[in-house]
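The values are calculated or read from the model by the stated rules, or taken from the named source; none is laboratory data. Just so it is clear, the structure is predicted and the values come from calculations on it, not from any experiment. So basically every Cβ, Gly included, is an ideal-geometry build from the backbone, and we count neighbours across all protein chains shown.
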Amino acid sequence: MSIVNQNDGGAVSGAGWFGGEPGCYAGVVLNAPVDRIWTYRVPERLWGSLQVGQRVKVPLGRGDRPTVGYCVSVGLESPAGVELGRIKEVLGILDDPRLIDERMLELTRWISRYYACSWGQALDAVVPAGVKRQAGTRLGTFLVVPESVRARQEEAALGLTKKQAAAFAVLCASVEALSAEDAARRAQCGVGTVAELRKKGLVLAFQRRLDRIRGDDEGSVGVVAEALKPAPTVEQSESLARLLPALEADAFAPFLLQGVTGSGKTEVYLSAIEHVTGRGREAIVLVPEISLTPQTIRRFRRRFARVAVLHSGLRDVERHRHWRSIAEGEVQVVVGARSAVFAPTRRLGLIVIDEEHESTFKQDHAPRYHARDVAVKRAQLEGVPIVLGSATPSLESRRNAELGRYTRLLLSERVNARPMPEVTLVDMKHEKGAEGGLSGPLRFAMSEALEAGGQVMLLLNRRGFHTFALCPKCGAVVKCGSCDVALTYHRGRRVLLCHTCDAEQPRVEVCPSCRAGNLYYGGIGTERLEREVRGTFPEYTCARMDSDTMRRPGSHEEALSAFKAGEVRILLGTQMIAKGLDFPNVTLVGVVNADTALHLPDFRAGERTFQLVAQVAGRTGRGDRPGKVLVQTFAPEEPAIEMASRHDYEGFAALEMPRRAMVGAPPYGRIARVLARGESEGAVEACLGALAEALQAANAGDVRILGPAPAPVTKVRDQYRFHLQLRSPTVKPIQALLHNVVAVFKVPAGVEIAVDVDPVSML
Ligand code: ADP
Ligand code: ZN
């Protein structure tokens with residue numbers, strides 16, 4: 001498991017190596033799937049300035065190609081046993097100040113070991129692209145009105161032209177320094193006018209980097225007054241009472257906050273964070289990307305003055321600005337999706353992960369890290385508490401709580417003793433007459449809710465119109481030419497679309513396999529559901545939210561605010577609508593098809609289905625009116641569905657945990673998956689066969705090696721896919737095999753291998 005050092009020297013871990021002291025030798029890692037530290041000589045001109053955590057330019061290979069790497073060590077001694085003449089020189093330093101500190105180095109080292117990727121790959125995942133390119137850093141001119149002028153503001157304005165007066169008023173009214181461009185834009189004048197104010201001595205100008213969070217960032221609302229905060233419920237107080245000592249102890253302490261939907265988990269996070277910022281420390285809050293709604297962000301901005309939001313929609317420049325502000329200690333709270341776990345806070349005091357069970361916290365490309373587990377590791381390295389929150393905790397976290405590794409905090413009731421919504425299962429086996437997506441009971445419940453003035457949400461986790469095209473003669477389903485995936489018919493665009501590779505083709509009427517006519521188009525997606533809803537309830541407004549209708553930036557927010565304002569009465573969509581929304585007037589939620597995840601070839605299919613139904617069921621009854629939930633399913637007797645309908649997480653866990661234990665699946669056993677892909681099916685299979693043999697030969701007997709077998713999705717983008725599974729009660733022997741065998745395995749040309757430790761998808 002040790003690092004392969006080019007020079008095989010022992011000095012890499014020697015004293016002073018991580019000290020950031022002036023040194024003559026540097027250890028450098030590259031963003032390549034090779035776990036190796038290269039040694040370079042530091043030229044005299046860089047002595048004293050080269051630090052660990054900086055990116056450097058180094059010559060690589062025979063051609064001395066200049067390559068970017070990360071400096072991970074600086075030392076005075078040359079590594080033992082190296083011919084000094086052969087060591088090349090560092091060409092230059094790319095970042096000043098450095099982007100990575102010692103603790104982040106340690107965290108990335110851990111990631112590379114745990115997830116079997118190279119240190120360079122892990123480091124590269126930490127620093128966003130915009131930061132690496134220093135996007136948007138330039139100096140700008142900022143203006144303020146000095147106190148002395150403000151005191152006699154009216155008098156000062158007397159001799160001004162109309163435009164100058166407007167610009168002056170804008171600057172007087174602003175609490176923050178404004179850039180000359182911003183001031184001119186707001187006053188609807190030119191920058192020249194603003195410059196005239198400067199000449200008159202009415203405003204002061206200074207230079208500042210334009211890489212900070214602007215004062216007029218979206219949704220920045222005044223911080224809420226103390227009196228407006230709700231008094232905590234008994235359960236919230238109890239949870240906080242157990243959190244507070246940990247928040248003051250400056251020590252690692254992991255908590256699992258298990259609270260039913262609407263029990264006030266977010267309020268607990270906010271109070272805990274207040275405590276942390278009150279001590280001059282910072283907090284990181286991770287939420288699933290899909291929950292980063294304006295509503296969520298506003299909730300944090302109302303309570304904290306300096307909130308940075310990191311999400312995938314940010315442009316490089318904005319991301320860089322946020323990153324810099326965080327690194328400079330200007331931010332109290334970082335709210336973000338997966339990669340925010342690497343936010344470069346200065347004095348971290350707390351990490352919060354909301355919806356910790358979400359599989360989107362796992363990155364699906366190298367390094368395949370799980371942000372929750374990385375966050376726990378980071379909290380441990382930094383010696384701070386961490387709170388994992390969920391209404392339906394992952395069974396992994398539940399197990400950790402059972403074993404006493406996490407302290408469990410429970411919120412068993414909704415705020416204000418609001419009842420949990422009543423959930424009715426609709427057995428679709430008895431709804432044969434229903435042509436489309438809405439059963440009789442769902443249609444009836446919709447009219448009832450709408451007539452009473454309520455709003456309705458309908459969830460269907462399938463986009464498109466028809467979800468398949470089937471040949472009635474040979475039984476074949478029309479598939480993508482490049483993927484082993486059925487095509488979806490999108491009626492608006494009149495195309496058959498592959499949801500895996502986005503390839504599209506015109507609608508076909510003849511079976512591509514047997515040439516018979518009369519293809520049967522079936523299955524229902526959100527596009528078809530929308531048509532049915534509009535046809536059935538023409539008198540009510542309806543909006544659809546899925547990745548097809550929400551392409552334009554801002555459209556997500558528009559649709560939600562129209563729904564919130566009551567302009568839209570029926571909101572239907574994919575899981576986009578299922579998360580983190582809090583609409584008091586929603587009195588009915590319909591799950592159009594609860595079975596979409598149930599039959600996937602994945603041991604977590606039941607858990608996913610349970611989580612989905614339970615989460616959706618929590619979206620109603622948040623206001624004063626009781627809410628109702630209808631769940632359509634072909635398998636009402638399925639425990640995952642039946643127990644979700646009764647909000648019975650404990651019951652589901654009690655049933656599912658022993659099942660997992662019996663087969664040694666997580667959380668009782670550990671899995672790593674090795675996926676091979678390539679254009680030649682034979683080559684891929686042969687490669688994985690050889691790898692399996694090498695693994696067997698090295699296996700001390702404590703790891704079960706399953707496969708190679710074709711992956712459930714056998715082909716994606718013209719690449720055939722096979723996989724192997726490594727299973728063991730603990731992760732260590734699996735990691736040992738990955739490092740000792742897989743990492744050094746010679747993969748033939750044309751085949752690619754991906755290693756996934758703790759996979760969340762087996763497809
Ligand atoms: P969760 O995160 O568990 O779903 P939230 O924190 O969003 O729950 O709380 C649900 C609703 O109840 C929110 O509208 C919130 O403002 C409100 N709320 C939370 N705690 C209290 C409290 N102690 N008193 C009154 N209302 C509260
Ligand atoms: Zn495809």
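Within the range 32-59, the residues that satisfy the criterion of being out of contact with any Phe, Trp or Tyr (no Cβ under 8 Å at 6 or more places or on another chain) and either in contact (Cβ under 8 Å) with a residue 40 or more places away in the chain or within 25 Å of residue 745 (Cβ to Cβ) (or both) are 32, 33, 34, 36, 38, 43, 46, 49, 50, 51.
In the range 269-292, how many residues are more than 22 Å from residue 338 (Cα to Cα) and within 15 Å of ligand 1 (Cβ to nearest atom)? Here the count works out to 2.
Here 257, 244 are screened, and the one residue that is touching a residue at least 24 places away in the same chain (Cβ under 8 Å), within 21 Å of residue 401 (Cβ to Cβ) and in a helix (DSSP H, G or I) is 244.
The set of residues in the range 449-476 being without any contact (Cβ under 8 Å) to a residue 40 or more places away in the chain and among the charged types (D, E, K, R) consists of 451 alone.
In the range 562-581, which residues are in a loop (DSSP other than H, G, I, E, B), within 25 Å of the chain's Cα centre (by Cα) and either closer than 18 Å to residue 359 by Cβ or modelled with pLDDT of 90 or more (or both)?
Scanning the range 562-581 gives 574, 578, 579, 580.
Test residue 492 against the criterion of being farther than 28 Å from residue 714 by Cβ, small (Gly, Ala, Ser) and not assigned by TED's automatic domain parsing to the domain that holds residue 448, and give yes or no. For residue 492, the condition - farther than 28 Å from residue 714 by Cβ, small (Gly, Ala, Ser) and not assigned by TED's automatic domain parsing to the domain that holds residue 448 - is met.
Taken residue by residue, the range 538-551 has at least one member that is of a type in the set (A, V, I, L, M, F, W, C) and modelled with pLDDT under 90.
Just need a number here: residues in the range 34-78 that are part of a strand (DSSP E or B) and of a type outside the set (S, T, N, Q). Selection size over the range 34-78: 20. Total residues in the range 626-673 satisfying the condition of being in contact with a helix residue (DSSP H, G or I) (Cβ under 8 Å, 6 or more places away or on another chain) and without any contact (Cβ under 8 Å) to a residue 24 or more places away in the chain: the figure is 2.
Of the strands (runs of 3 or more DSSP E) lying entirely inside the range 376-450, not one carries at least 3 residues that are within 15 Å of residue 353 (Cβ to Cβ) and touching a His at 6+ places or on another chain (Cβ under 9 Å). Return yes or no: is residue 266 in a loop (DSSP other than H, G, I, E, B), within 15 Å of ligand 1 (Cβ to nearest atom) and in the same structural domain as residue 394 (by TED's automatic domain parsing)? When the stated conditions are applied, residue 266 does not pass them. Of the strands (runs of 3 or more DSSP E) contained entirely in the range 457-511, those carrying at least 3 residues that are under 24 Å from residue 575 (Cα atoms) fall at 488-490, 495-497.
Do the conditions hold for residue 242, that is, is it touching a Gly at 6+ places or on another chain (Cβ under 7 Å) and either more than 16 Å from ligand 2 (Cβ to nearest atom) or over 23 Å from residue 377 (Cα atoms) (or both)?
no
Here the condition is being over 25 Å from residue 604 (Cβ atoms) and of a type in the set (Gly, Ala, Ser); of 383, 389, it holds for 383 alone. The set of residues from the range 517-556 being free of Cβ contacts under 8 Å to residues at least 40 places away in the same chain and more than 30 Å from residue 294 (Cβ to Cβ) comprises 517, 535, 538.
Residue by residue, here is whether (1) away from ligand 1 (no atom under 16 Å from the Cβ); (2) outside the structural domain of residue 259 (by TED's automatic domain parsing); (3) under 30 Å from the mean Cα position of the chain (by Cα); (4) free of Cβ contacts under 8 Å to residues at least 12 places away in the same chain holds:
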| position | (1), (2), (3), (4) |
| --- | --- |
| 411 | no, no, yes, no |
| 423 | yes, yes, yes, no |
| 439 | yes, yes, no, no |
| 478 | yes, yes, no, no |
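So which residues in the range 528-545 are out of contact with any Cys (no Cβ under 6 Å at 6 or more places or on another chain) and not in a loop (DSSP other than H, G, I, E, B), if there are any at all? Of everything in the range 528-545, those that are out of contact with any Cys (no Cβ under 6 Å at 6 or more places or on another chain) and not in a loop (DSSP other than H, G, I, E, B) turn out to be 528, 529, 530, 531, 532, 535, 536, 542, 543, 544, 545. Being loosely packed, with under 14 Cβ neighbours inside 10 Å and modelled with pLDDT of 95 or more: is that true of residue 249 here? No; evaluated as a whole, the condition is false for this residue. Restricting attention to the range 411-442 and to residues that are among the β-branched types (Val, Ile, Thr) and surrounded by 20 or more Cβ atoms within 10 Å (Cβ to Cβ), the residue that is farthest from ligand 2 (Cβ to nearest atom) turns out to be 423.
Take the residues in the range 487-546 that are among the hydrophobic types (A, V, I, L, M, F, W, C) and within 16 Å of ligand 2 (Cβ to nearest atom); name whichever of them is farthest from residue 560 (Cα to Cα).
508
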